[in-house]
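Values quoted throughout were computed directly from the atomic coordinates according to the rules given, and no laboratory measurement underlies them. Note that the structure is predicted; figures quoted are calculated from it, not measured. All Cβ positions, glycine included, derive from the backbone under ideal geometry; neighbour counts span all protein chains shown.
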Amino acid sequence: MKPVRQSVDQDWFEPAVHCWCGGRSELPSPHSADYRVCPRCGAHFATRRLKPGAIGQFYSFEGYWTHRQQSKHHPTLFERQQLLESDGRVQCWLETIDRHMRGRRGTVVEAGCAEGTLLLALRQRGWETIGIEPDTETVAAVRERTGLDLRAGVFPDAPAPACDVFVALDVLEHVPDPLRFLQAARAALRPDGLLFLQLPLLEPAQPDFGDMNAKVFDPEEHVFIYSRAAIATLLETAEFEVLENDRAWRRAHEFVVARRLDRPARRVRRLANLPQMFSPRWTGFIDELNAFAAPLGLRQFTNWSKLWEYPWLWHEGLGAIDWRGKRVLDLGSEQSPFPWWLATKGAQVTLIETSRNWVGQWEAVRDALNAAVTVDWRIVDSCRLPFPKDTFDVVTSFSVIEHQDNKRLAAAEVARVLKPRGWFALSFDICEPSLGMTFPEWNGRALTMQEFEKVFWNQPAFRQAARPEWNLEDIPPFLRWHRQTAPHHNYVTAAALLQKRPASFWRRLLGEK
């Protein structure tokens with residue numbers, strides 16, 4: 001008898017242009033014309049995905065677990081248990097969980113538990129088990145058959161109770177918003193709780209999934225296909241520590257084990273970090289800046305540390321400024337869209353560069369924006385700035401200081417030309433050799449954290465009351481991502497927003513003398 005295909009309503013789907021990390025791409029996947037490769041995190045994402053309200057309908061008892069499984073020559077819902085137990089999969093899952101839990105028992109939650117085979121095996125071993133499955137009919141049928149504690153709904157809209165282990169087997173590749181999914185899983189896990197995933201992962205040594213390729217790159221079901229590196233980036237963004245990322249039950253059934261991390265609570269994360277960089281707030285800002293830059297031929301940001309730097313400075317204070325009439329000096333402007341964007345908000349902007357290479361483009365951009373902006377520029381050949389003191393309300397410097405040979409003079413010159421209470425917004429590369437970082441000689445010289453404190457934080461015009469906190473815990477995951485974007489990116493990025501002391505401070509200081 002010929003299998004009946006699942007009836008799929010195409011209105012359940014919507015076009016997709018973004019990866020989970022906010023990246024956009026027109027680069028087709030070599031494995032399927034229905035997928036794109038994200039330049040930002042390396043995941044392959046389908047060009048359409050299920051609407052949130054259609055997930056329960058798609059993963060229905062009759063449509064998905066019966067007709068769709070038959071059409072793909074997979075076992076239907078209640079045929080799965082015998083197969084999963086007989087082919088050794090369940091035993092492999094149990095051994096992996098036992099190895100990382102070291103024999104401890106507790107509460108396990110499985111999202112997308114289907115017929116509940118793993119939960120049944122864990123219950124027999126003394127675990128308290130809870131399952132979550134999208135379709136109410138499926139949940140009712142499995143509950144009646146097994147007596148398991150099952151909840152109907154789409155996780156995380158259907159929340160998980162507190163647990164020691166959170167499991168998602170062949171689920172994460174189906175999830176339209178995997179970062180939200182993993183953040184909710186982390187919130188459900190108790191401290192040091194364990195996350196156990198099985199999903200198809202592209203391996204560096206294996207270009208595809210062989211005869212499984214068409215089933216893996218199924219755009220109706222699988223929203224994302226990750227590589228080993230891409231899944232690590234996603235997990236570290238969700239603030240997990242990856243414990244195991246090199247094993248599989250078999251090809252297209254790879255394992256990943258991760259542990260919930262509890263980082264120090266910090267008001268400011270001054271070093272670049274994945275949770276901020278890939279958050280909707282940060283990626284939304286970059287989308288806006290890129291949309292402004294594109295028609296003007298200015299630089300757009302896809303997989304560079306600027307993805308973190310620009311939003312950080314905006315959200316940490318620049319976004320609160322009324323830019324109308326403000327005088328802004330931008331150092332090392334090149335093709336940056338940011339000073340031009342500020343000019344469209346009413347700022348009077350002066351660009352600074354060391355050569356005239358960019359002047360032709362600046363003239364074209366100014367002409368394109370017409371009377372909407374007030375922008376001029378100066379070409380300088382040293383760290384000395386050709387302006388009187390107290391000229392500017394804001395000075396911006398995005399990853400420029402590493403290229404300046406006299407960093408103390410550069411800091412003093414910024415302080416001189418800033419008005420009292422003016423703002424110095426800077427991002428800068430940090431290289432700590434003691435932490436295994438390197439910085440290419442052809443790119444200048446990056447600061448250490450201690451050098452930044454001496455040269456900028458404690459510069460008399462900016463001196464702060466307390467030392468800056470450094471979120472050192474964010475360095476390893478950021479470095480792993482940063483090195484993927486270019487081999488020489490073996491350093492991190494930081495940012496600061498420094499305010500010049502008011503005129504009254506200097507009057508008091510002089511009076512004391």
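Among DSSP bridges having both ends in segment 78-260, what percentage is antiparallel? Round to the nearest 5. Present the calculation step by step, with values, prior to reporting the outcome.
Details: 14 of 34 bridges.
Of those bridges, close to 40 percent are antiparallel.
Lysine pairs, Cα distance under 18 Å, 8 or more residues apart or cross-chain: how many in the chain?
So the count of such lysine pairs works out to 12.
Could you tell me what percent of the DSSP beta bridges with both partners in the chain are antiparallel, to the nearest 5? List each step's numbers first, then the result.
Working: 34 of 76 bridges.
Bridges in the chain are about 45 percent antiparallel.
What list of ³J(HN,Hα) couplings, whole Hz, do you get for segment 13-20 from phi and the Karplus terms 6.51, -1.76, 1.60, once you set θ to phi - 60° and write x for glycine and proline?
Per residue, the Karplus-derived 3J(HN,Hα) values read 10, 9, x, 10, 10, 10, 7, 4 Hz.
Taking the Cβ of Leu498 as the centre, find all other residues whose Cβ is under 13 Å away and add up their charges (Lys, Arg: +1; Asp, Glu: -1).
So the surrounding residues net to +3.
Count the net charge of all other residues whose Cβ sits under 13 Å from the Cβ of Glu85, scoring Lys and Arg as +1 and Asp and Glu as -1.
Computed value for this residue: -1.
For Leu202, what residues show an amide H to amide H distance below 5 Å, using hydrogens built from the backbone and excluding near sequence neighbours?
Here the answer is Tyr226, Ser227, Arg228, since their amide H atoms fall under 5 Å of that of Leu202.
Any chance you could tell me what percent of the C-alpha pair distances in segment 45-160 go past 25 Å?
Summing the P(r) tail past 25 Å for segment 45-160 gives 26 percent.
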